[in-house]
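Working notes, structure below.
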Ligand SMILES: Nc1nc2c(ncn2[C@@H]2O[C@H](COP(=O)(O)OP(=O)(O)O)[C@@H](O)[C@H]2O)c(=O)[nH]1
Ligand SMILES: [Mg+2]
């Protein structure tokens with residue numbers, strides 16, 4: 001347990017009705033007493049009205065609601081005090097300055113309250129990450145994912161897998177310790193079968209199309225096409241404002257322009273790019289290079305064609321459409337109708353017609369786009385949560401490799417090496433939740449096999 005007491009403004013910095021200052025650590029209660037001389041200690045977890053005084057000058061700083069959360073049943077596991085102040089800058093600064101003058105107190109570092117909560121076992125690492133995600137969440141689906149993870153949905157999966165690995169290690173280690181007594185063969189087979197099931201679960205969890213990570217970070221769309229196809233007009237329409245310059249001068253857009261949208265609760269980052277063409281202008285060529293790079297890593301490519309170029313699509317644009325990550329938009333459909341709509345495709349990419357100028361077809365496009373984006377970022381209803389960070393994915397891949405090695409060498413490599421592989425797998429998963437601990441391995445061995453007998 002930490003012996004310093006930290007404090008910080010826990011609410012936003014702007015002028016507001018209420019500002020919350022949070023304190024955590026062994027000195028939190030004394031600090032509250034110093035601010036409220038002569039008053040009794042407020043009952044735990046009950047809001048109490050108190051005048052706050054500067055301990056140095058006795059000056060009244062604010063009339064506040066104060067709440068005490070005694071450890072270990074608090075957010076951080078330490079003694080916590082919350083001061084609900086009037087949210088003006090002078091009030092907040094006065095209280096923070098007064099706290100800073102109390103011996104044993106110091107301003108908190110970024111994330112330090114949650115870090116203490118983790119160190120005191122109040123949260124696992126996935127839950128701590130979820131709190132950061134919840135604070136950063138900008139769309140409803142991001143909020144939902146972060147809330148599930150904060151409640152332990154992801155951590156419980158990983159902890160469950162880790163304890164199954166630990167149980168398997170216990171079986172294998174028992175084989176090592178009691179080689180002369182020979183474990184019954186069916187126990188050995190059951191342990192191996194259980195691990196094969198676990199390997200399947202980990203593989204299925206990893207095979208989620210990176211949906212959880214996309215929902216956290218945003219789905220990346222790229223508007224691509226020839227100059228003057230109407231990409232910038234479409235971007236402005238999506239953004240609801242003039243984010244990019246629209247001009248009949250071909251080659252106007254040279255840099256990548258990004259706009260953030262919320263489509264069906266999923267955060268989306270749309271990039272407008274320079275029109276793809278050969279150019280002698282060095283700046284435009286760099287723009288085209290950047291557009292091509294975007295095309296490479298975008299989650300979904302929106303290939304914008306001019307109605308007058310349809311259906312003779314140039315090969316380079318056709319190639320962009322062919323990898324299953326593209327939606328083709330025949331723009332300027334106000335100029336002439338597009339035949340055969342509804343079941344058109346370009347090398348497998350769906351084709352929609354619209355007019356970014358008149359708005360015809362835009363609703364249908366938005367509905368289609370929203371569906372595609374939700375498909376990229378959300379698992380089906382009732383599906384188990386997937387990894388939400390590359391950190392989870394890397395650790396899980398490490399666990400999967402070690403587990404596969406244990407299963408492959410089960411009857412050939414000898415129990416010592418198999419146990420070592422399983423330990424690697426368990427440790428990799430334990431790193432995700434931050435609960436790597438050899439103590440529980442010992443616990444399982446003793447509980448399962450009555451070694452003292
Ligand atoms: N008729 C018609 N003109 C359009 C449409 N969308 C864009 N334009 C025009 O096409 C020109 C090029 O548009 P812009 O968005 O700058 O194209 P970009 O080079 O692909 O970004 C501009 O003069 C636009 O006003 C449309 O749906 N119909
Ligand atoms: Mg443009």
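The values are calculated or read from the model by the stated rules, or taken from the named source; none is laboratory data. The structure displayed is predicted, hence computed values, not measured ones. All Cβ positions, even for glycine, are placed from backbone atoms using ideal geometry, and neighbour counts span all protein chains on display.
Things worth noting here:
- Residue pairs meeting the criteria (Cβ under 8 Å; at least 6 apart or on separate chains; first at positive phi, in the range 227-251; second more than 10 Å from ligand 2 (Cβ to nearest atom) and assigned to a loop (DSSP other than H, G, I, E, B)): 228/248; 230/332; 230/356; 230/357; 251/277; 251/279; 251/281
- Number of the exception - residue 98 against (1) under 16 Å from residue 151 (Cα atoms); (2) surrounded by 17 or more Cβ atoms within 10 Å (Cβ to Cβ): (1)
- Strands (runs of 3 or more DSSP E) wholly inside the range 288-355 that include at least 2 residues being at pLDDT 90 or above and over 33 Å from the mean Cα position of the chain (by Cα): 300-306, 326-331
- Only listed residue being more than 29 Å from residue 143 (Cα to Cα) and more than 12 Å from ligand 1 (Cβ to nearest atom), chosen from 274, 196: 196
- Annotation note: of 372, 379, 404, the sole residue that is touching a residue at least 12 places away in the same chain (Cβ under 8 Å) and in a loop (DSSP other than H, G, I, E, B) is 379.
- Which numbered condition residue 25 fails, given (1) closer than 15 Å to residue 99 by Cα; (2) more than 32 Å from the chain's Cα centre (by Cα); (3) modelled with pLDDT of 95 or more: (2)
- Test: residue 129 is outside any helix (DSSP H, G or I) and modelled with pLDDT of 85 or more: no
- Restricting the range 108-126 to residues that are more than 16 Å from residue 77 (Cα to Cα) and over 16 Å from the mean Cα position of the chain (by Cα), the residue that is modelled with the highest pLDDT: 109
- Qualifying residue in the range 199-221 (condition: within 30 Å of residue 280 (Cα to Cα) and either more than 7 Å from ligand 1 (Cβ to nearest atom) or buried (at least 18 other Cβ atoms within 10 Å of the Cβ) (or both)): yes
- Residues in the range 260-301 that are within 13 Å of ligand 2 (Cβ to nearest atom) and buried (at least 19 other Cβ atoms within 10 Å of the Cβ): 270, 271, 272, 273, 274, 275, 276, 284, 287, 288, 291.
- When residue 231 is tested against (1) within 14 Å of ligand 2 (Cβ to nearest atom); (2) surrounded by fewer than 22 Cβ atoms within 10 Å (Cβ to Cβ); (3) under 35 Å from the mean Cα position of the chain (by Cα), only condition (2) is not met.
- Test: residue in the range 123-135 that is farther than 30 Å from residue 213 by Cα and surrounded by fewer than 17 Cβ atoms within 10 Å (Cβ to Cβ): no
- Only residues that are away from ligand 1 (no atom under 16 Å from the Cβ) and in contact with a helix residue (DSSP H, G or I) (Cβ under 8 Å, 6 or more places away or on another chain) were counted in the range 307-365, giving 6.
- Residues that are without any contact (Cβ under 8 Å) to a residue 60 or more places away in the chain and touching a strand residue (DSSP E or B) at 6+ places or on another chain (Cβ under 9 Å), drawn from the range 206-226: 217, 218
- The condition (being out of contact with any strand residue (DSSP E or B) (no Cβ under 7 Å at 6 or more places or on another chain) and surrounded by 14 or more Cβ atoms within 10 Å (Cβ to Cβ)) is satisfied by just one residue among 330, 362: 362.
- Residues of the range 234-259 that turn out to be near ligand 2 (Cβ under 8 Å from one of its atoms), out of contact with any strand residue (DSSP E or B) (no Cβ under 6 Å at 6 or more places or on another chain) and farther than 14 Å from residue 277 by Cα, as a count: 3
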